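> Can you keep this structure in mind? I'll have questions shortly.
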Amino acid sequence: MDSLPCQGCKGLCCGPVPITEQDFKRIRIKVKSMPAKTRLALEKQPRHYGTCIFYDLNQDKCGIHSARPEICRAFGYYQSLVCFRKPELAAKKNWLPADKPIGTLSIDITWKSF
Ligand code: SF4
Ligand code: SF4
């Protein structure tokens, strides 16, 4: 699969996203496996209001990449989740979550939830 030109975006599209129970569980395992120092450093990064709580500004990438929510994995590849930097990649029909969302990451699900 062709990839998105994410480097340099600094989390441009990483705002609040709906997550499912499965997403939550996967992220919790990831967060709990982080060394305390790494977790704290990521948690305390100064982000713009609205930027995802897991965006790693220092590395310019998702701080929980291997455990990121399904919607983040789908972003850019579906007609309902278009990346304006490479819209031609959004060729798949509408994306739907596998399950009902339990909340919105960064808004009602925060670092404290993990
Ligand atoms: S998906 Fe698009 S907007 Fe988001 S970081 Fe990647 S290139 Fe940038
Ligand atoms: S979980 Fe990762 S990929 Fe998803 S919005 Fe947050 S920083 Fe971006």
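Each row is one residue, and each column tells you yes or no for (1) exposed (fewer than 14 other Cβ atoms within 10 Å of the Cβ); (2) in contact with a Ser or Thr (Cβ under 6 Å, 6 or more places away or on another chain).
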site: Gly11; (1), (2): no, yes
site: Thr20; (1), (2): no, no
site: Phe24; (1), (2): no, no
site: Lys30; (1), (2): no, no
site: Pro35; (1), (2): yes, no
site: Thr51; (1), (2): no, no
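> Within the range 96-110, can one find any residue that is within 12 Å of ligand 2 (Cβ to nearest atom), surrounded by 16 or more Cβ atoms within 10 Å (Cβ to Cβ) and not in a loop (DSSP other than H, G, I, E, B)?
yes
> Right, another one. If Arg85 passes every condition in (1) free of Cβ contacts under 8 Å to residues at least 12 places away in the same chain; (2) of a type outside the set (S, T, N, Q); (3) assigned to a loop (DSSP other than H, G, I, E, B) but one, which one does it miss?
All conditions are met except number (1).
> Same structure again: Looking only at residues in the range 7-42 that are within 15 Å of ligand 2 (Cβ to nearest atom) and of a type in the set (D, E, K, R), which one is modelled with the lowest pLDDT?
Looking at residues that are within 15 Å of ligand 2 (Cβ to nearest atom) and of a type in the set (D, E, K, R), I get Lys10.
> Continuing with the same structure: Report yes if some residue within the range 68-77 is among the β-branched types (Val, Ile, Thr) and assigned to a helix (DSSP H, G or I); otherwise report no.
yes
> Looking at Leu57 and the list (1) away from ligand 1 (no atom under 14 Å from the Cβ); (2) over 21 Å from Glu21 (Cα atoms), which single condition is not satisfied?
Result: Leu57 fails condition (1) only.
> Among the residues of the range 75-95, which ones are of a type in the set (D, E, K, R) and either open to solvent by less than 50 Å² (accessible area, probe 1.4 Å) or within 13 Å of ligand 2 (Cβ to nearest atom) (or both)? Step through it out loud before you land on a result.
So in the range 75-95, the residues of a type in the set (D, E, K, R) come out as 85-86, 88, 92-93.
Across the range 75-95, the qualifying residue is only Lys86.
> Moving on. Scan (1) surrounded by fewer than 17 Cβ atoms within 10 Å (Cβ to Cβ); (2) at pLDDT 95 or above; (3) part of a loop (DSSP other than H, G, I, E, B); (4) away from ligand 2 (no atom under 12 Å from the Cβ) for the single condition Gln45 breaks and write down its number.
Gln45 satisfies every listed condition except (4).
The values are calculated or read from the model by the stated rules, or taken from the named source; none is laboratory data. Bear in mind that the values here come from a model prediction, so they are computed numbers and not experimental data. Positions of Cβ are generated from backbone atoms using ideal geometry, with glycine treated the same way; all protein chains shown enter the neighbour counts. Accessible surface areas use protein heavy atoms only, side chains included; no ligands, DNA or RNA. Shrake-Rupley method; radii C 1.70, N 1.55, O 1.52, S 1.80 Å.
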